[in-house]
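Heads up: the structure comes next, in structure tokens.
The values are calculated or read from the model by the stated rules, or taken from the named source; none is laboratory data. Keep in mind the model is a prediction, meaning the values are calculated, not measured. Cβ: placed from backbone, ideal geometry, glycine included. Neighbour counts: every protein chain shown.
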Amino acid sequence: MGDFIWDLCYLSVMIRLSNKTEALARRLADAQSVTVEDAVRQALEARAYAAGLLPEPGRSRNLSPEAIAARRARLDQLVHEIAAMPVLDARSPREIMDVLNAI
């Protein structure tokens, strides 16, 4: 069920970045010789580790029922916040990608 909710949110919400943020992401990607997507993901993962949302690399995740419930609650809150964001482009993701691919 969780994967379905993630897929649904991913398909219905597209994140728009300011020109300044996009330029920074491109500079970071160039400096690291990675794609922009990888640079953004790595930066988000680093912040997620720092916030305690992801386990530190090399450490096992706490699998107690309480820890699982706490992670699920944080994830549910995040999904709720994302779903509450305004839709900035009414086109479907496929329509947007078709336009981008035509460029």
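Remarks
- Exactly one residue out of Glu66, Glu45 is at pLDDT below 90, assigned to a helix (DSSP H, G or I) and over 27 Å from Glu95 (Cα atoms), and it is Glu45.
Here is a yes/no grid of residues against (1) exposed (fewer than 11 other Cβ atoms within 10 Å of the Cβ); (2) in contact (Cβ under 8 Å) with a residue 12 or more places away in the chain:
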position	(1), (2)
Ala46	no, no
Ser60	yes, no
Pro65	yes, no
Arg74	no, yes
Ala83	no, yes
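- Within region 44-103, considering residues that are closer than 24 Å to Leu24 by Cα and of a type in the set (Asp, Glu), the one nearest to the chain's Cα centre (by Cα): Glu45
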